[in-house]
Amino acid sequence: MKKFLKIAGITLTLFLIYADSCRDSGENESQQKIIEDRRRELLRHFGDDYLTESSLIEHERIAKQKLTDFADYLNLLADTGLEIPFREKAGDMIRKSFLSDTIRVSLPFDSEKKWESICIGELVQAGLENRLPSVEFFFDTIRIKKPFQRTGEDFYSAILDFIARNKIDLSTEKLKSTPRISANMVIRKEQKLIGTDTLSIWILSLGGIY
């Protein structure tokens with residue numbers, strides 16, 4: 001997490017410097033040096049042609065957190081007691097967490113049945129239209145089923161699995177009988193505009209949940 005906060009700080013620094021340069025065309029040498037130093041630091045963290053073993057392990061930790069965050073955002077989206085702007089923000093965060101709006105997920109909202117597969121875009125819309133069950137749930141015992149492996153020139157994939165439970169039923173007996181759910185995770189190269197530069201950096205996203 002410290003690493004990603006550091007990256008956010010680097011990006012913000014670049015943005016502020018470029019914003020200043022837009023107002024003042026006479027950018028001095030010290031500003032140019034700061035821009036180049038920050039750009040090199042960003043590339044050193046996210047611009048490598050491949051990810052090291054330690055970096056992949058760190059991405060596995062972050063992938064687990066993304067799953068946990070998804071459950072939190074989904075609970076906010078389904079909470080009809082919240083004001084719409086908060087729920088819309090939760091929906092936006094869900095969309096940003098996944099590879100695309102067309103990715104499909106299938107989640108149980110109670111211990112008796114399993115949701116039919118639904119696209120992320122449709123899931124968010126259903127939440128905003130109050131068509132989601134308002135049952136708070138969370139993902140438990142998240143583990144790495146298949147570690148990240150390079151599956152393309154600019155692509156890594158992994159599989160996590162977990163147990164989805166609602167907070168109404170926390171009995172150990174039902175937990176033992178609850179089937180584990182799988183979640184695809186992907187790391188891919190993506191073009192990002194940083195200031196006036198376009199950088200190719202690694203991005204971690206959720207894939208299908210089934």
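Only the coordinates and a few stated rules stand behind these numbers; no lab work does. Fair warning: this is a prediction, and the values are worked out from it, not measured in the lab. A quick note on method: Cβ atoms are made from the backbone with ideal geometry, for glycine too, and the neighbour counts reach across all protein chains shown.
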Item to complete: Report ³J(HN,Hα) in whole Hz for each residue of segment 51-63, in order, from the Karplus equation J = 6.51 cos²θ - 1.76 cosθ + 1.60 where θ = phi - 60°; Gly and Pro get x.
Response: 9, 6, 4, 5, 5, 5, 5, 5, 5, 5, 5, 5, 4
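Between D49 and E116, how high is the FRET efficiency from 1/(1 + (r/R0)^6) when r is the Cβ-Cβ distance and R₀ = 30 Å? Nearest 0.05. Before the final figure, lay out the partial values.
On the way: r = 41 Å, r/R0 = 1.35.
For D49 and E116, the calculated efficiency is 0.15.
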Practice prompt. Please list the non-local residues whose amide H lies under 5 Å from the amide H of G208, H modeled 1.01 Å from N, same-chain partners needing a gap of 5 or more.
Written response: N184
Response to the item:
Which residues qualify? For D140, with a placed amide H closer than 5 Å and at least 5 residues away or on another chain, they are I163, A164, R165
Practice prompt. Counting only C-alpha contacts under 8 Å and six or more residues apart, can you give the relative contact order of segment 51-209 as a whole percent?
Written response: 22
Item to complete: When a/c is below 1.5 the answer is rounded, else prolate if a/b is larger than b/c, else oblate, so apply that to segment 51-209 with a ≥ b ≥ c taken from the square roots of the Cα gyration tensor eigenvalues.
Response: oblate
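Can you give the extra length, in nm with one decimal, that the chain gains between K146 and L99 once fully stretched, where that is 0.36 nm per residue apart less the Cα-Cα distance?
Values: separation 47, 0.36 × 47 = 16.92 nm, distance 1.85 nm.
Full extension from K146 to L99 adds 15.1 nm.
Greater than 24 Å separation of Cα atoms is the criterion. Which listed pairs, K145/K192; K89/K145; K146/K189, meet it? Don't skip to the end; give the middle numbers.
On the way: K145/K192 30 Å; K89/K145 31 Å; K146/K189 20 Å.
Pairs exceeding 24 Å: K145/K192; K89/K145.
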Worksheet item: Between L107 and residues 5 or more places away or on another chain, which pairs have amide H atoms under 5 Å apart, with H built 1.01 Å from N, and which residues are they?
Response: W115
